[in-house]
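These notes are about the structure you will find just below.
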Amino acid sequence: MFFYFCENPWKKVVFCLCLLCGSSLHLWAQLSVSFPFDGAIFQRNASNLATIHVGGSYTGAVDRIEARLVAVSGGQNIDWTAIHINPSGGIFSGSLFSVLGGWYTLEVRSILFNNVVQTTTLSRVGVGEVFVVAGQSNAQGVDNHGAKASSDGQGRVKYVNWTLPCPSGTCQNVDPPFPVISTLNNAGATIAPNGISSWAWGELGDAIIARYNVPVMFFNAAANGSSVGNWSRSADGLPSVNVHVGILYAGNPNFPYNYLRKALNYYGSMFGVRAVLWHQGESDTHKNNNADPNDNTSANEYRDSLKYVINRSRNHSGKIMLPWVVSRASYFSVADANIISGQNLTISPADKIFAGPETDNLQTPRPDGAHLENLTNGQQAVSELASRWNSALDNSFFTNATPYSATALPSLTLSCLNNTYSITAPSGYQYFWVNGNGAISTSFSSSQTVNVGSGNYRVYLKDASGNIILSQMVTVPALPPQPPTITSTASTVSSGQEVTLFAQGCAGSVSWSAGLIGNSIVQHPSQTTTYSATCSIGSCASISSSYQVTVCAQNVTVTTTFNAGTVGDVKASNAITGVNTVKAGATMTYDAKKSITLQPGFVAEKNSNFKAVVGQGCAN
């Protein structure tokens, strides 16, 4: 016979069980961040701060989503911050505010019952500078002219690798695809939406990083061979002639301006923007030296045309004081004072139009008459162009060129009715629903609310200006919703004793048979009770899960004979009296809060395993 009296021999066991309960939360949940993207850079404001919007999906139950930023270079850590309290439907979104300019690792975690369920990491995200380049080939870039890539060891100069399609010389009015961010460490990069090579922009990014220790992103909307008249007329969809070849520019009356509009409406909306960097004028010099003296661009005409482009870009993007930086450029075998004068007439810091570099005296004569080039063992003119842009973007520029911040993520809701899921976006937009990371051109619905099956979905929203807002991804589960798994702080309690029941695995709303809603409830049962819970998304509910809480008696007299093979325990909130037999081969525990009395007639046979524990009872 084995007979033990001890105050609490189970403390260590209970502790281990609690650890197991915490780790088991992972079995019901997954967490993913679908906005921002790895390598994304968001425009900082005049105070060197930005808001980073974060969104994604989760499965299982969570009480809140938290995020933090770990500074990698520059910047300042932001500790764990709740960005979404009580999310539902497997969708979360929120923001980290006042993020200092710098380069960060983003970590996001889900919390349930104050335990960490899952943590996921985005390797790099930044707050820094975003520029859109416009103009002609000495802004767009030229192949095989010795362009140098960024040499930043941390990969902090970024771009999106995509070129707007122009099959057979006819450019298409298409929206950019889902952005894939790359590092500008390749001289042959194509910078969306129309850039050729890293040109001067990789080196300019390095120079800005050296000054401010913030990451930099470029988009390139420049167009080779374009005149200022091509830009101003195409801003209204009017046809204009390529001054070099005498045919409709880009085969489409909306170009070259549409390159700029796409960059501002899509990338400028998504990441924010500091300014448009304009370098153009060479084609107008070429035009002014052709055989038709009536086809010249005067200083006033250049000013009026460029100001029109600036105003249209501001109106079309909804960024009414979008800063522009205008370089002084006209050299095409010769320079043209009228073009330079027109550019100088355009510059007006009070109107947020700033002076860029002067380039007519850079590498003259030029190897091909117009384009700058980094010559092998010779003048590094493209690198000098980067240096001059860096000088033009001085501290005064960054103080006075008020930037525009990224647009916040739209708030989406997942619901279910008649066994069909639906996702709803905010009102007031055009809608383009896609599967996964599909492009706008793959949209399967233009409705504000879309019915969907299980899968991954995003929506592109277009506002009245044509700005595009990309949502986070929504992961839609299978139907019906999975029933929750129920656990509790105790499966056996005294009458009226408090017990907390937990529901895990439900990404929607948990409804309890006790008439309460939530991932956990507190109860005080007076009798043995079976609780049930269902998981609902909208009006679609799972089957119910059940869990029994046994109410422990105050005093128990044991008269039952426990035969070989029996394993069990007897509990009481006060006292146990034993007058029975525990046969050889049986394993039994008597557990009472205050006392255990083994009266005459009680027998624990040889080779039985019997324990008597005083001090716990129903609390164990």
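Quick rundown of the values:
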item	result
Region 555-614 - Kirkwood radius from inverse mean 1/r over Cα pairs (Å)	11.1
Under the Karplus curve 6.51 cos²θ - 1.76 cosθ + 1.60, θ = phi - 60°, whole-Hz ³J(HN,Hα) for region 559-571, x wherever Gly or Pro sits	10, 6, 8, 9, 7, 3, x, 6, 10, x, 9, 10, 10
Most to least packed among 114-122, 557-565 [average Cβ atoms within 10 Å]	114-122, 557-565
Inter-centroid distance (Cα atoms) of region 173-204 relative to region 100-152, Å	13
Calculated from backbone phi, Karplus (6.51, -1.76, 1.60) coupling profile of region 487-498 in Hz, x at Gly/Pro	10, 8, 6, 7, 8, 10, 9, 6, 4, x, 5, 6
Distance in nm between pseudo-label sites at THR442 and ASN377 (7 Å out along the Cβ direction from Cα)	5.0
Rounded to the nearest 20 debye, dipole of the chain from Cβ charges on Lys, Arg, Asp, Glu	1740
With Cα atoms, 0 to 90° folded angle of helix 11-23 axis to the chain main axis	30
Residues of region 270-367: accessible area per residue with a 1.4 Å probe, Å²	37
Within the accessible area of the chain (1.4 Å probe), percent carbon and sulfur	49
Spatially proximal aspartates and glutamates relative to LYS148 (Cα-Cα < 17 Å; intrachain offsets below 8 disregarded)	GLU203, ASP206, GLU373, GLU384
Mean ellipticity per residue at 222 nm, deg cm²/dmol - from DSSP H runs of n ≥ 4 across the chain, formula -39500 (n - 2.57)	-4500 deg cm²/dmol
Placed amide H near LYS158: partners under 5 Å, 5+ positions off or other chain	LEU184, VAL216, MET217, PHE218
Chain lengthening between THR530 and SER47 when straightened (0.36 nm per residue, less Cα-Cα)	168.0 nm
Cα-based radius of gyration of the chain once divided by 2.2 N^0.38 Å, which approximates compact folds	1.37
Length-normalised contact order for the chain - Cα pairs under 8 Å, 6+ apart - percent	13
Candidate lysines - alpha carbon under 16 Å from LYS319, same-chain residues fewer than 8 apart omitted	LYS262, LYS307, LYS352, LYS462
Accessible area per residue in Å² at 1.4 Å probe, computed on region 555-614	47
Additional length obtainable on full extension of the chain from VAL174 to SER348, 0.36 nm per residue less Cα span	59.3 nm
Stretchable slack from HIS244 to SER495, in nm (0.36 nm times residue separation minus alpha-carbon distance)	81.1 nm
Inter-centroid distance (Cα atoms) of region 524-563 relative to region 424-492, Å	37
For VAL452, distant residues with modelled amide H under 5 Å away	TYR421, SER422, ILE423
Hz values of 3J(HN,Hα) by residue in region 523-536 - Karplus curve (6.51, -1.76, 1.60), Gly and Pro given as x	10, 9, x, 9, 8, 4, 10, 9, 9, 10, 8, 10, 9, 10
Probe 1.4 Å, protein heavy atoms only - accessible area per residue of region 410-540 in square angstrom	42
Ranked order, GLU282, GLU373 - accessible area, probe 1.4 Å, largest first	GLU373, GLU282
Proximal lysines relative to LYS593, as straight alpha-carbon distance under 30 Å, when same-chain residues fewer than 8 apart are discounted	LYS11, LYS12, LYS571, LYS583, LYS606, LYS611
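The values are calculated or read from the model by the stated rules, or taken from the named source; none is laboratory data. From a predicted model like this one, the values you see are computed outputs, not experimental measurements. Neighbour counts run over all protein chains shown; Cβ positions are idealised from the backbone, glycine included. Just so you know, the surface numbers come from the protein's heavy atoms only, side chains and all, with ligands and any DNA or RNA stripped out. Shrake-Rupley method; radii C 1.70, N 1.55, O 1.52, S 1.80 Å.
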